[in-house]
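To keep things clear, I will list the structure first and then write my remarks on it.
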Amino acid sequence: MELAGKKIVLGLTGGIACYKAAELTRALVKAGAAVQVVMTQGALHFITPVTMQALSGQPVFTDQWDGRIANNMAHIDLTRGADAIVIAPCSADFLSKLAHGGADDLLSTLCLARPHGLPLLVAPAMNVEMWENPATRRNVAQLQADGVALLGPAAGDQACGEVGMGRMLEAEQLLGEIIAAFQPKLLAGTRLLLTAGPTVEAIDPVRAVTNFSSGKMGYAVARAAREAGAIVTLISGPSALPTPYGVRRIDVRSAQQMHAAVMAQLAGQHVFVAVAAVADWRVANVSEQKLKKTAGGKPPELQFEQNPDILADVAKRADAPFCVGFAAESDHLLQHGAEKRIRKGVPLLVGNLGHETFGQEDNALVLFDANGHTELPRADKLTLARQLVAQIAARLPRAPQPSAPTAAPTPDASPL
Ligand code: C5P
């Protein structure tokens, strides 16, 4: 229930993406939010208030002159006590209205009359030519200057048959962005690089040695860091997990590839978090052909050689960012964790009981630093990741940023 107790005013404007707003409403309600839907006349051509009322569980407002509110001031009352206004989908016309302070229907008037500090989040949805038109560019720039948070859009196939930027984000992505908007921006402007997932070390063209890491903890840290305002690059071993929205992901397979990718991305990073379960050894005698079973049943003789230690190699550089390591220990965690932090040369090491956490939804962490250790009790991995991000932010050599709800940066989702 990430949005428990939050009141969201959800505005729909005219666009085929209104069908995604139905899904978004369900997702918001499931996350615990109270959703007050307001629709423009344009939106009514695409979806009915009956649908939106059924999904939100609240009467829908469509008309400035709706007399259901006692003082007849829906444009004021609907946003008082709200935690955010979300416009999804936001048409090119409505974007223009917002940029120019137009107020000729309930939704635009309500946006103009919103209390100072009430976050306005806008999910554009329009044809690629409309999105790229200089007039829309100007409107978008104006909204950003006004502190309005843009959620997307994404590029891809459009309902009109054209292809390009202007698709509204999916409901799940919008939900994530709305949740992110409420997280404190503890890492605003910080560049954070991290590794996650397992590595896979080839034996022959079809076989490999790997481990049971799912990538869940690392992906949760990537998401939490981006929610906190960081610009995140995730270097991932093979994982079935979706890339957290707004995170740049680079895929690798082996430890050597991960090492090379980290070194290539290191310049300009402020924080490096090594969550990946890197294979300690790779096969030295990788076969170019698939190994065949022998008649005598003799197994192949594999020789191993040690992989480079990515974390230690980063930590020992003169220009090292703030380094955070993870340790999956099966026993004597307190002793091994403290020793490992010193051996790796990192200011912060995060211990977990590896065999208990791999693939699981929750975890329990122990943080080791120069002053001793701190326990983060068992919780789901995203909750722990947010706590870890706060711990990292508190240790960085700069003051934390204010925590106003706003969209986290999206380095590669928008051409702006
Ligand atoms: O030595 P150990 O594998 O237990 O260390 C775990 C920590 O070191 C993790 O943060 C892991 O991502 C990192 N590591 C690494 N390169 C390796 C082995 C581990 O970056 N080759």
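The values are calculated or read from the model by the stated rules, or taken from the named source; none is laboratory data. A quick note: this is a predicted structure, and the numbers were derived from the prediction, not measured. Glycine gets a Cβ as well: all are built from the backbone with ideal geometry, and neighbour counts include every protein chain shown.
For residue 282, the criteria (1) within 15 Å of the ligand (Cβ to nearest atom); (2) exposed (fewer than 15 other Cβ atoms within 10 Å of the Cβ); (3) basic (Lys, Arg) hold in every case but one, which is (2).
Within the bounds of the range 215-227, is there any residue that is on the phi < 0 side of the Ramachandran plot and in a loop (DSSP other than H, G, I, E, B)?
No - not one qualifying residue is present in the range 215-227.
Selection of the range 30-78 for residues being modelled with pLDDT of 95 or more and in a helix (DSSP H, G or I) yields 30, 43, 44, 45, 49, 50, 51, 52, 53, 54, 55, 56.
Going by the conditions given, is residue 140 over 26 Å from residue 4 (Cα atoms), at pLDDT below 95 and β-branched (Val, Ile, Thr)?
Working: over 26 Å from residue 4 (Cα atoms): yes; at pLDDT below 95: no; β-branched (Val, Ile, Thr): yes.
Here the answer is no, as residue 140 does not meet what is asked.
As a summary of the residue check, residue 198 satisfies the conditions (1) within 23 Å of residue 360 (Cα to Cα); (2) within 13 Å of the ligand (Cβ to nearest atom); (3) touching a helix residue (DSSP H, G or I) at 6+ places or on another chain (Cβ under 8 Å) except for the one numbered (3). Confirm whether residue 290 is in contact with a Lys or Arg (Cβ under 9 Å, 6 or more places away or on another chain), surrounded by fewer than 14 Cβ atoms within 10 Å (Cβ to Cβ) and assigned to a loop (DSSP other than H, G, I, E, B). Against the criterion (in contact with a Lys or Arg (Cβ under 9 Å, 6 or more places away or on another chain), surrounded by fewer than 14 Cβ atoms within 10 Å (Cβ to Cβ) and assigned to a loop (DSSP other than H, G, I, E, B)), residue 290 qualifies.
Entry remark, the range 289-321: residues being β-branched (Val, Ile, Thr), within 14 Å of the ligand (Cβ to nearest atom) and either out of contact with any Phe, Trp or Tyr (no Cβ under 7 Å at 6 or more places or on another chain) or not assigned by TED's automatic domain parsing to the domain that holds residue 202 (or both) number 1 in total. Taking the listed residues 20, 30, the one that is among the charged types (D, E, K, R) and either within 21 Å of residue 153 (Cα to Cα) or buried (at least 20 other Cβ atoms within 10 Å of the Cβ) (or both) is 20, with no other qualifying. For the structure I just gave you, tell me whether residue 207 is surrounded by fewer than 22 Cβ atoms within 10 Å (Cβ to Cβ) and away from the ligand (no atom under 14 Å from the Cβ). So residue 207 fits the description; yes.
Does residue 267 satisfy the criteria of being assigned to a loop (DSSP other than H, G, I, E, B), within 12 Å of the ligand (Cβ to nearest atom), in the same structural domain as residue 389 (by TED's automatic domain parsing) and within 27 Å of the chain's Cα centre (by Cα)?
Taking the combined requirement at face value, the residue does not satisfy it.
Among residues that are in a strand (DSSP E or B) and either away from the ligand (no atom under 15 Å from the Cβ) or not assigned by TED's automatic domain parsing to the domain that holds residue 206 (or both), residue 249 is included.
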